[in-house]
1. Can you list residues from other chains, or at least 5 along the same chain, whose modelled amide H is less than 5 Å from the amide H of A52?
2. Which percentage, to the nearest 5, of the DSSP beta bridges contained in the chain is antiparallel?
3. Could you give the spread of the C-alpha atoms of the chain along their three principal axes, from largest to smallest, in whole angstroms?
4. Treat every Asp and Glu Cβ in the chain as -1 and every Lys and Arg Cβ as +1, leave all other atoms uncharged, and give the resulting dipole magnitude about the Cα centre to the nearest 20 debye.
5. With N denoting the number of residues in segment 133-177, provide Rg(C-alpha) divided by 2.2 N^0.38 Å, to two decimal places.
6. Any chance you could give the angle, 0 to 90 degrees and rounded to 10, that helix 37-46 forms with the longest Cα principal axis of the chain?
7. State which stretch of the chain is the longest one without any exposed GluC sites (Glu not before Pro), exposure meaning a DSSP loop state and at most 16 other Cβ atoms within 10 Å.
8. Could you check the spin-label model distance between N60 and K172? Points 7 Å from the Cα along Cα→Cβ, value in nm.
Amino acid sequence: MSDVANFLIVDDDPVFSGTLQRSLARRGYRADTAHSAAVANQNAQERPYQYAVVDLKIANDSGLDVIEALIKHQPNIVMIVLTGYSSIATAVQAIKLGAKNYLCKPADTDEILGALGINETSEPSIPERPPSVDRLAWEHIQKVLQENDGNISATARSLGMHRRTLQRKLTKRPVKD
């Protein structure tokens, strides 16, 4: 067994995963990519990984399911979740399932290594400004959606809004801070 750390990158975006794979290789790490939950599961059964970078939404699959599968096959793997659709509810769920950290895209290699605890020179940043009202609304919608197990109609009733209005809000990217 070599001393080089093995990474598994699970993301349906081939450009992002390829870029991250090359960046990790330049730093002396070995990285494999998986563009679906099934391929990630198969890779985890076939070879050992010390680290995994998992996207929250992988085409039609959930990164949360990938976390569970990876932990099942490799209990000592250190994982982080990357997402462009961040919410407090999914962050808490990812950490409870076994992810070490949760980062919002875009994240560079230094931030990813810092979140994994590899690059100790990278300190986590704490925003100086509180989140905007729009961002808080997005977080609240995500929390209620999680409480209703992803059921749009039940979530709309809980929030007191029309189902189609909620669907439109959910198709948009989260509000930047």
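No value in this document is a laboratory result; all are computed from the given coordinates. Please read these numbers as outputs of a predicted model, since none were measured by experiment. When we count neighbours, we look across all protein chains shown, and the Cβ atoms used for this are built from the backbone with ideal geometry, even at glycine.
1. For A52, whose amide H was placed from the backbone, the distant partners under 5 Å are L8, V78, M79, I80.
2. Numbers: 2 of 20 bridges.
Roughly 10 percent of the DSSP beta bridges within the chain come out antiparallel.
3. 57, 37, 28
4. 660 debye
5. On the way: Rg = 9.8 Å, N = 45, 2.2 N^0.38 = 9.3 Å.
Cα Rg divided by the expected 2.2 N^0.38 Å: 1.05.
6. In the chain, helix 37-46 runs at an angle near 30 degrees to the longest axis.
7. Details: sites that count: E120, E128.
Answer from the scan: 1-119.
8. 2.9 nm
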